[in-house]
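The block underneath contains the structure these notes are about, expressed in structure tokens.
Here, each number is a calculation from the coordinates, and none is a lab measurement. Here the structure is a predicted model, which is why all the values come from computation and not from measurement.
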Amino acid sequence: MLMRHPQATVIVGNAEQARQVARFWQPQLQAPVIAINDDWLSRPGSRMLLAAQQLCAALHPAQ
């Protein structure tokens, strides 16, 4: 992962878990860690659209 220099890292979990992952990888990884609600991805269905919406909002926040 580090060799590819990602623009973002996406995990399933909550904001606290994202902070833990970010702390673990610093200073090697400067990309933001985005947490997606795991309930929305646990089973295929319409809630996946909510996860996609959350991911899009995190990648491209409204200015």
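Specify the angular offset, from 0 to 90 degrees and rounded to the nearest 10, of the alpha carbon long axis of helix 47-59 from the longest principal axis of the alpha carbons in the chain.
Helix 47-59 sits roughly 30 degrees off the main axis of the chain.
Around Ile34, which amide H atoms from residues at least 5 apart in sequence, or from another chain, sit under 5 Å from its own amide H, with H modelled in the peptide plane?
Amide H neighbours of Ile34: Thr9, Val10, Ile11.
Using square roots of five times the C-alpha gyration tensor eigenvalues, list the equivalent-ellipsoid semi-axes of the chain in whole Å, biggest first. List each step's numbers first, then the result.
Numbers: eigenvalues 99, 36, 22 Å².
Each semi-axis is √(5λ); the values are 22, 13, 10 Å.
Once both axes come from the Cα atoms, what is the angle between helix 15-25 and the longest principal axis of the chain, in degrees from 0 to 90, rounded to 10?
Compared with the principal axis, the helix lies near 30 degrees.
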